[in-house]
Amino acid sequence: MKGLAKSDKKAAETIYKDNFNMVQALIINNNGSADDARDIFQETMIVLYEKAKSGSFELNCQLKTYIYSVSRRLWLKRLHQLHKYSGRIENMAETVPVEEEMENHEQRNNQFQAMEKSMLNLGEPCKSLLEAYYLQKRSMTEIAGSFGYTNADNAKNQKYKCLMRLKKLFFAQHKNQ
C-alpha cells in the first residue's frame, strides 16, 4: 500500500500479478467478459490508489480480500446499471459473505494449480491427448488420426488410461499440499 501511495510501478505490478486472475474469474463466472474484468480491475486499482494516497486508510483485512470485495461491488453495480442484476446492492454483503467466497475461490485456485502441475508431470502423449479432447474439443476420430491410433475406440481407451494416470498424479500432488 505504501508503494502504491508513492506511485511505485513495481507495487502496482505486484498487486496486478497477485490479484488480476482472481478478479477475472469473479467477473467471467458472473456474466462478464475478459474486457469487463480488465475494466473492473482498473477501477479497483483506482479505488485502491485513492485510498492509499489519502493517508488515512487503514486496511483491516488481507489486500486480496479487499480487492475482491471492491471488484465484486463494482461489478454488481455495473450489472445493476445494465439491468442484469435485480438485487439491492446495499444488501449484498448480507447475502454472500466475502470471506467465505474468497476462501472457496482460493481453495479452487489451489486445486487448479495442483491440476496444472499434474498435467506438466503427465508426459507425452497423454498430455497432448487430453488437451486435444478436453481443451480443443476434438472428436475421438480426429484424435485417433492425428495420434496414430487404429480407430476411435483405441484412442478412447488410451484417453481413459491417461485420465487414470492424471488422477493418480493429481491426488498424490494434492495429498502433499
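The values are calculated or read from the model by the stated rules, or taken from the named source; none is laboratory data. The model shown is predicted, which means the values in this text are computed figures rather than measured ones. Neighbour counts are summed over all protein chains in view; Cβ atoms, including those assigned to glycine, are modelled from backbone coordinates with ideal geometry.
Annotation note: Cβ proximity below 6 Å between a residue of the stretch 38-60 that is closer than 15 Å to PHE20 by Cα and a residue that is not β-branched (Val, Ile, Thr) (sequence gap 6+ or interchain) occurs for ILE40/SER71; ILE40/LEU74; ILE40/TRP75; PHE41/PHE20; GLU43/LEU74; THR44/SER71. Candidates TYR49, TYR68: the one that is out of contact with any Phe, Trp or Tyr (no Cβ under 9 Å at 6 or more places or on another chain) and modelled with pLDDT of 90 or more is TYR68. For the stretch 6-54, residues that are in contact with a helix residue (DSSP H, G or I) (Cβ under 7 Å, 6 or more places away or on another chain) and among the basic types (Lys, Arg) total 2.
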